[in-house]
Each structure stands twice: as structure tokens, then as C-alpha cells.
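See structure below.
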Amino acid sequence: MMKREQAELLEQLHHALQAPPAAVDGTLCLQKPEEMLALAREHAVMPLLYHLCEVQSNLSQAQRAAVQAAARTAVRTNYRLLFVTKFVTEYLRGHGIRAIVLKGAATATYYPVPELRKSGDVDLLIPREADFSRACELLQQVDFVPCEKQDALHHLELKNKEGICVEVHRILAEPFESKKVNAYLESLLPAFFSEVCENDAWGFPLCQPADGYHAFYLILHMLQHFLRAGFGLKFLCDWVVFWNRPVEAAQKQVFLRLVEESRTGGFVGILTAACVRYLGLPGERAAFILEQYPAAGEVEAFMHEIFGAGEFGHVRENRMVAMRTGGIFSYVREFHHQMRLNYPRAGKIVVLWPALWAATLARFVYNNHAVRGVKSTEILREAGRRSRLVEKMKLFSLW
């Protein structure tokens, strides 16, 4: 059963995501304002609650100040990131390189108040290998330095002197454990490069994927986090505002085709149904998705999973991965996949696998006990629990 503070947060986000934002009853009495705001902070949606400061409610002065501070921080950060996005994309364009903006400023424009969507970095897609390498070299010429620790295989992280991070993506997502899925996503790169549009909502053109591809990228990004430690309400808010606007029928069909080809319909259906039921995504806007991929009765379990994750699944230390199927073979397959991610070059040499498995196991056990402070058995049990929900989505089925 949903907790009171969870229901109150969903209700307030429902108001905030409408365009224009819906009028909030001035007599509204929040029963658990402190718990609701703590939950909003965990899920990085506190700035979206700014409207509560403008109505009569039982928020204390300190609580109002906390919401206002979060909103001011989000606005300042977003404009810093926006100016960096403008500089970097125009700088690369001047050298003949098209950089496609992913998420961030591009998705924020669909919010009633774009500046209130919390962002942390700049994500750019440069799918041509020659352009990717050259872009990274050019950015280093203007004081962007590669981070010492690179946490992903699908992009390079660079930071400037202000600490602003630009992630330059060479592919759409971190490799999944299915080689066929990864090959399919790689085959889409030319389309992502050619099927673009310009978004000038900020006063200058942002090159971003066309709507069908933009929506599919949001799915990939959410799914990647979901299969690891999880994700929270902020990504659901993105999904609501993206579809709560006119989208051409042709682009809807492009999106449905990509979902069908990638076998991600079960995830898309449950995600969309949750946004309709709890966050005010109009049913008529989402009908084209739910008619094709009706939710399999797991919406409440899905929301339980979302609330347990926080912004990026870091609320609880025992959360790591969720597997597509159950059984011991799934643990073995996921363990092998983690080995390949940890050792991308050496992992291609079959004779090294036993040594790399041992190294991966040692790292797994060490990180659990020394870094996270949890038992490995607890993490495995949590992975099994989360995997039961994922299994019902039938991800990548028939691959």
C-alpha cells in the first residue's frame, strides 16, 4: 500500500507537470509535509514543488525556505549548463561536427517551467567514430579535461574548471547483456544522426533527436538505470511532459516501431500506465502506447520499485542489478556480463575468463563489505526480488 507522503508527492507533481501548472487548492493541508519533502529531495524533484510556496498550506517557514533554495539552485545550475551546451555545440559545429543534445536542456523545454527540472551535466551524442575522437580532442583545447575515473563504456566524461561535466556519447547506452540488443542499438546510430530537429525554445537552436527517437532514447536511459540500481520519479516526470504535448502521428509510429524492434514493450507499457495513473499523463495522449502495450497488472509493484530507488537507486546500498529472468543461470549470465563491463578489452580473450571471473568476484565481495557495508547475500536476494518484476516485462524477448 502506498504511504501517505508518497501519495501527497505524486499529487503535487501532478499539479506541477500540467501546462500551465494547475491551480492548487489554497486550503490544502499536507498531512506529512516533512516526509514528503524528504522524499522529493531523494528523487531530485524538490524544485518542481515551488508552487507550494505560493499557496496557503501547512508548510513551515523552514520547509518553504528549503523548497525555494532547491528551486534557486536548479535555476542557476540549469542556466550554467545551458550556456555550456550552447558553447560546446556551437564550437564543435564550427569545426564541422554535429553534436546531438540528449536529455538535459532538450527535455527540460517540455516542462511548464523548464528551469525547475534538475540537471547535473551535459550529454552529447556524436555517433561517428572519427568525429567522436576529434570532438574529444577539440574539447580538451578549450579546457575540458577527461575525468580520471571513467564510469561508463559508452561515453567519455570531461570536466571544465568550474566542474561542469560534459559526457560525449559514442553509442546510445551502456552495453546490455544481450549481444543482439547491442547490435540493434548500434544499427540505429545512423538514424539518430540523420533524424534530428532543432529546438529553439531557449532562444538558440539545440540539435536533438526527432520526437520518435528522442522518446526511445529516454526509454533506453531509464531502462539502463532500471536494470542496475534503479531510477526515481524525475524520469517519470520527463515521460509525462514529453507526451503531454502534440506529437506528430508519424513520430509516434517511429517510436512504436523502435519499441517493437527492441522488444522493450513490456517496460514501456508499465511505465506509461504508471504515469497515467499517478502523475496525470492524459489517457488520450498515452492511448496509442497502452493499446499496443497494455500494462500487465504490475503498475503498483513498479511504483514500489520506483519509490525504493531514489534518484539513481542509491537510497539503499543493497541495490545493484535486476536480471531479465530468474534462476541460477541468470545470476551466472549477469556475473559474466559484469566481468565484460569491468574488463572490456581483456574480456574478449576467452582464455583469460577464469582469471577475470575471479577478479570480478573479488571486487564484488570487497565493494559490498568495505564500501557499501552490506552482505553479498543480501544484495543477491534483492537482485532476485527485483528480477521477478523485470521478468514479467519480458524484456528483449525473442532475441
Which of the residues spanning the range 147-196 are among the acidic types (D, E) and either more than 22 Å from F226 (Cα to Cα) or touching a residue at least 40 places away in the same chain (Cβ under 8 Å) (or both)?
-> E148, E162, E167, E174, E177, E195
Criterion: of a type in the set (D, E), closer than 22 Å to L156 by Cβ and under 18 Å from the mean Cα position of the chain (by Cα) - qualifying residue of E174, E186 | E174
Would you point out which residue out of V101, V67, V88 is touching a Cys at 6+ places or on another chain (Cβ under 7 Å), open to solvent by less than 10 Å² (accessible area, probe 1.4 Å), part of a helix (DSSP H, G or I) and not aromatic (F, W, Y)?
-> V67
Looking at (1) surrounded by fewer than 19 Cβ atoms within 10 Å (Cβ to Cβ); (2) touching a strand residue (DSSP E or B) at 6+ places or on another chain (Cβ under 7 Å), can you tell me which one Q141 breaks?
-> (2)
Open to solvent by 40 Å² or more (accessible area, probe 1.4 Å) and within 30 Å of L13 (Cα to Cα), is that true of K118?
-> yes
For the range 52-64, what are the residues that are open to solvent by 30 Å² or more (accessible area, probe 1.4 Å) and assigned to a helix (DSSP H, G or I)?
-> E54, Q61, A62, R64
Output the residue which, of all residues in the range 197-217 that are assigned to a loop (DSSP other than H, G, I, E, B) and touching a residue at least 40 places away in the same chain (Cβ under 8 Å), is farthest from E90 (Cα to Cα).
-> A210
For the range 75-82, state whether one or more residues are within 23 Å of P114 (Cβ to Cβ), free of Cβ contacts under 8 Å to residues at least 60 places away in the same chain and among the aliphatic types (A, V, I, L, M).
-> yes
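The values are calculated or read from the model by the stated rules, or taken from the named source; none is laboratory data. None of these values were measured; they are calculated from a predicted model. No Cβ is skipped: glycine too gets one built from the backbone with ideal geometry, and neighbour counts run over all protein chains shown. Just the protein is used for accessible areas: all its heavy atoms, side chains included, with ligands, DNA and RNA removed. Shrake-Rupley method; radii C 1.70, N 1.55, O 1.52, S 1.80 Å.
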